[in-house]
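Enquirer: Dumping the structure here so I can ask a few things about it.
Every number here is computed from the coordinates shown, using simple stated rules; none is lab data. For clarity, every value in this text was computed on a predicted model and none was experimentally measured. Using ideal geometry, Cβ is built from the backbone for each residue, glycine included, and neighbour counts are taken over all protein chains shown.
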Amino acid sequence: MQRTLFICKPDCVQRRLVGEVIRRFESKGLRLVALKLMTVSRALAEKHYAEHAGKPFFEGLIQFITATPVVVGVLEGNEAISVLRGLMGPTNGAAAPPGTIRGDFGLSRQNNLIHGSDSAESAAREIALWFTPTELLDYQLADEHYVSGGE
Ligand code: IDP
């Protein structure tokens, strides 16, 4: 079992696509272990995107992510990190394949609806950045055995 962080970015919230995006996570079999609606401070945004500091798109990205609320959450499941990345699609919405969130709903590189951790190290760092340990809930779903069990 892995945990991964996702963010429904401001464009996702503004376009009322949060329900559609979370529906895809649930349909796939991922389990929500944390979820909240919040406005992102500049300090948090800069920490979250620290690896991009200094890049030409960095300031625009910080402005974008702090402008209006986001929905941020943690998902758990078998290979949750790569499963979420697959559901998202590649960064540029214009190039993302149909069937992915970015491929189905956008044409932008920056306003690409969704963030998902890209490695186990990023997931651990990002979950600790956005959530306190008590906000991460431990529970089972009734269909877990059918969704993730077997070979
Ligand atoms: P990812 O979200 O697909 O993992 P990263 O390369 O980690 O992509 O970039 C983080 C975020 O920065 C992207 O999701 C996107 O919002 C923004 N971004 C990345 N590259 C560009 C760009 O060339 N122009 C504008 N924004 C960009």
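Enquirer: Would the range 1-136 count as rounded, prolate or oblate if I go by the C-alpha gyration tensor, calling it rounded below 1.5 in a/c and otherwise prolate when a/b exceeds b/c, oblate otherwise?
Expert: Cα axes put the range 1-136 in the rounded bin.
Enquirer: Continuing with this model, one more query. If you take the square roots of the eigenvalues of the alpha-carbon gyration tensor of the range 80-151 and sort them as a ≥ b ≥ c, do you get rounded (a/c under 1.5), prolate (a/b over b/c) or oblate?
Expert: Working: a/c = 2.47, a/b = 1.40, b/c = 1.77.
Judged from the Cα gyration tensor, the range 80-151 comes out oblate (a/c at least 1.5, b/c at or above a/b).
Enquirer: How big is the gap, in Å, between the Cα center of the range 102-151 and the Cα center of the range 6-23?
Expert: Comparing the Cα centres of the range 102-151 and the range 6-23, I get a distance of 13 Å.
Enquirer: At a Förster radius of 25 Å, what calculated FRET efficiency corresponds to the Cβ-Cβ distance of Glu59 and Asp138, to the nearest 0.05?
Expert: Calculated value: 0.05.
Enquirer: With a cap of 10 neighbouring Cβ atoms within 10 Å, and only residues DSSP puts in a loop, list the trypsin sites (Lys or Arg not before Pro) found in the range 63-151.
Expert: none
Enquirer: Additional query: Fewest Cβ neighbours within 10 Å first, please rank Tyr146, Tyr139, Tyr49 accordingly.
Expert: Tyr139, Tyr146, Tyr49
Enquirer: Continuing with the same structure: Setting aside same-chain residues fewer than 8 positions from Lys28, which aspartates and glutamates have a Cα under 13 Å from its Cα?
Expert: Glu20, Glu76, Glu79, Asp143, Glu144
Enquirer: Ordered by residue, what ³J(HN,Hα) values in Hz, to whole numbers, does the range 4-10 give under the Karplus form 6.51 cos²θ - 1.76 cosθ + 1.60, where θ = phi - 60° and Gly and Pro are x?
Expert: Rounded to whole hertz, the list is 9, 9, 10, 10, 7, 5, x.
Enquirer: Mind sorting Phe57, Phe131, Phe25 by how few other Cβ atoms lie within 10 Å of their own Cβ, fewest first?
Expert: Phe57, Phe131, Phe25
Enquirer: Okay, moving on. Of Arg31, Arg23, how do they rank once you tally other Cβ atoms within 10 Å and put the fewest first? Write down the numbers at each step before the final one.
Expert: Working: Arg31 20, Arg23 11.
Ordered by Cβ neighbours within 10 Å, fewest first: Arg23, Arg31.
Enquirer: As a check on your grasp of the helix formula, calculate [θ] at 222 nm for the chain: sum -39500 (n - 2.57) over DSSP H runs of n ≥ 4, divide by the residue count, round to the nearest 500.
Expert: My calculation for the chain gives -11000 deg cm²/dmol from helical runs alone.
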